[in-house]
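Shown next, in structure tokens, is the structure this report addresses.
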Amino acid sequence: MSGTVFYATAGMGAKRQGHALVARDGFSARYDLDRVRGVFSRPEHKLAGESYVGRVLVLDAAKGGVATAWMLHEMKTRGVVPQAIVLNAVNPIMVQGAALADFTMISGFDLDITQAIPNGALVEVDPTGERPFIRIV
């Protein structure tokens, strides 16, 4: 699978690389995370107890409301953040939050990206080109 590229329909932020943390679950900065310790904290989340710091999160869909915007910014300010977020689907609030935090995010694939990227794989996320992508390194 090394070298396999998956193109997204939208992206923002800088090029990033890291190990993927993958789950077929949603993402809410407010309800799913312990933003001080840098771990998924909601017991029902499929990544409960896992550290997201420095990882590339590959998840299904954005969840949550307006608090997500300032929470992503606050996480970035303290350096308790993933390298990037890769989602099948986003909402306008997540886009706003990623923009405010100057955060790397891509979304919109023609397949379920949580099934295509192996957990733990080293990946490169590049939202800077004409076609944003995630590539298995």
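The values are calculated or read from the model by the stated rules, or taken from the named source; none is laboratory data. Quick caveat: nothing in here was measured; it's all calculated off a predicted structure. Neighbour counts are summed over all protein chains in view; Cβ atoms, including those assigned to glycine, are modelled from backbone coordinates with ideal geometry. These area figures cover heavy atoms from the full protein model, side chains too; ligands, DNA and RNA do not enter into them. Shrake-Rupley method; radii C 1.70, N 1.55, O 1.52, S 1.80 Å.
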At each listed q (0.26 Å⁻¹), what is the log10 of I(q)/I(0) that the Debye formula gives for the range 1-72 modelled as equal alpha-carbon point scatterers?
-1.43
Under a crude label model (7 Å from the Cα following the beta-carbon direction), how far is Ala99 from Asn119 in nanometres?
3.4 nm
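Net charge within 13 Å of Ala67 by Cβ-Cβ distance, Lys/Arg positive one each and Asp/Glu negative one each, not counting Ala67 itself? All intermediate terms of the calculation are to be shown ahead of the outcome.
Numbers: positive: Arg30, Arg35, Lys63; negative: Asp32, Glu74.
Summing Lys/Arg as +1 and Asp/Glu as -1 gives +1.
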Kirkwood Rh and Cα Rg combined as Rg/Rh, the chain
0.92
Taking the range 41-73, which trypsin sites (Lys or Arg not before Pro) meet the DSSP loop condition and have no more than 16 other C-beta atoms within 10 Å?
Lys46
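Mind ranking Glu50, Glu74 by accessible surface for me, highest first, 1.4 Å probe? If you can, show how the numbers build up before the last one.
Values: Glu50 80, Glu74 55 Å².
Accessible-area ranking of Glu50, Glu74, largest first: Glu50, Glu74.
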For the Cα atoms of the chain, what angle does the longest principal axis make with the long axis of helix 67-78, in degrees from 0 to 90, nearest 10?
80 degrees
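Working out 0.36 nm times the residue gap between Ala48 and Arg30, then minus their Cα-Cα distance, what length gain in nm do you get to one decimal?
Extra length from Ala48 to Arg30 when fully extended: 5.1 nm.
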Report the antiparallel proportion of the DSSP beta bridges in the range 54-137 as a percent, rounded to a multiple of 5.
35 percent
